[in-house]
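None of the figures in this text is laboratory data; all of them are computed from the coordinates on show. Predicted model only: the values in this text are computed from it and were never measured. Every residue, glycine among them, receives a Cβ derived from its backbone with ideal geometry; neighbour counts consider all protein chains shown.
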């Protein structure tokens, strides 16, 4: 429970967590990713989407940290396959969508960036 309580934002659908967000502005990106990895390690059958939200100037750092070797050792799959980056600019754009209150969490799929092995 302590790990879950430390995650910045949880998106719930009924009684299940469907997405988890770590908002990294001045704190370490690594610590946010570590909380996400802890959540996955403690709840191995959980199938949720994970997101790091950070300013555009920290994008490259987020992508670099997501691909760290330690996060490739998770039970099911690599953290880079579960965790994406969302910029503050994209969050602002999302917040201005006309019917945001009626949309599902799938709307985020158009705003997230996936870490790729050759992404530098």
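Report, for the range 2-114, the % of DSSP beta bridges that are antiparallel, rounded to 5. Present the calculation step by step, with values, prior to reporting the outcome.
Numbers: 7 of 17 bridges.
Percentage antiparallel, nearest 5: 40.
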Which peptide among 56-62, 91-97, 77-83 comes first, and what is the full order, when sorted by highest mean count of other Cβ atoms within 10 Å? 77-83, 56-62, 91-97
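For the range 2-114, what mean projected area does the convex hull of the alpha carbons give, in nm²?
Details: hull surface 28.2 nm².
Hull-based average projected area comes out at 7.0 nm².
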Residue separation times 0.36 nm, minus the C-alpha to C-alpha distance between residue 100 and residue 13: what's the value? 29.8 nm
